[in-house]
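A short write-up of the structure that comes next.
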Amino acid sequence: LVSIALCLALIAMLPVSADASDAVFLIDEPKDLLALSEKCRLDAFSTNITVVLSNNIDMTGFDLVPIPIFSGSFHGNGHTISGLALTPTGSVQGLFRTLTDTAIVTDLHLEAEVTPGGSASITGGLAGINYGIIRGCSFNGTVSGIDRIGGIVGTNGLTGIIENCDVNGSVHGTHFIGGIAGENAGVIRHCENNA
């Protein structure tokens, strides 16, 4: 009995790993999107996580800080996030600031005004910088900034893939401006710009 008790005590002292490989984060209302943004301040939070948008959500009146870094899968399921006003100060701005090379964002529709202040470089409707996959998404609204400004992303990195996406509205800037991406080092295919 003593040896069993000692073994249990040793096991209890071992560090607990937070493996999110099967974690699903459901977004059903505005507070869920706010919570996701807060949790993604830690880059490890979104690793292997699956985010599911289960409803159209209206962010009018909610002050959302852009999701800092995202490495998991975000499934929009054809739903729309509307009423979003992103007006932070600084560069690398969008609903997601950075999508890593493991990130996948699919079937998400965004209606937003993305108008950062300050340096306002590398700004997109969906993401500031994309190194992952963005598929079947749309943006409708306004994106404005100074340098590397795009309707979907500001910069599409070397590993970034954007496909079957479309943009409506307006995109404003002074250098490297594009309807889909302000700057592209990756792959953009089967997309349509009406901005």
Considering only protein heavy atoms, what is the solvent-accessible area of HIS109 at a probe of 1.4 Å, reported in Å² to the nearest 10? 50
Once neighbouring chains are kept in place and the probe is 1.4 Å, which whole percent of the accessible area of the chain is contributed by carbon and sulfur? 56
If you average the sequence gap of Cα pairs under 8 Å that are 6 or more apart and divide by the length of segment 110-195, what percent do you get for the contact order? 30
Express as a percent, rounded to the nearest 5, the fraction of DSSP beta bridges in the chain (both residues included) that run antiparallel. 0
Rounded, prolate or oblate: which fits segment 44-124, taking a ≥ b ≥ c as square roots of the Cα gyration tensor eigenvalues, rounded meaning a/c under 1.5, else prolate when a/b beats b/c? oblate
Classify segment 60-195 as rounded, prolate or oblate from the Cα gyration tensor: take a ≥ b ≥ c as the square roots of its eigenvalues, call it rounded if a/c is under 1.5, otherwise prolate when a/b beats b/c and oblate if not. rounded
Cα centre as origin, Lys/Arg/Asp/Glu Cβ charges: the chain dipole, Debye: 340
Relative to the longest principal axis of the C-alpha atoms of the chain, give the angle of the C-alpha long axis of helix 30-39, reported between 0 and 90° and rounded to the nearest 10°. 70
List the relative contact order of segment 146-195 as a percent without decimals, with contacts defined as Cα pairs under 8 Å and 6+ residues apart. 50
Over the chain, calculate the relative contact order: mean separation of alpha carbon pairs under 8 Å at least 6 apart, over the residue count, as a percent. 14
For the chain, accessible area per residue (1.4 Å probe, heavy atoms of protein chains only), Å²: 47
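The values are calculated or read from the model by the stated rules, or taken from the named source; none is laboratory data. This is a predicted model, so every value here is computed, not measured. Positions of Cβ are generated from backbone atoms using ideal geometry, with glycine treated the same way; all protein chains shown enter the neighbour counts. Side chains are part of the model used for accessible areas, which takes the heavy atoms of the whole protein and leaves out ligands, DNA and RNA. Shrake-Rupley method; radii C 1.70, N 1.55, O 1.52, S 1.80 Å.
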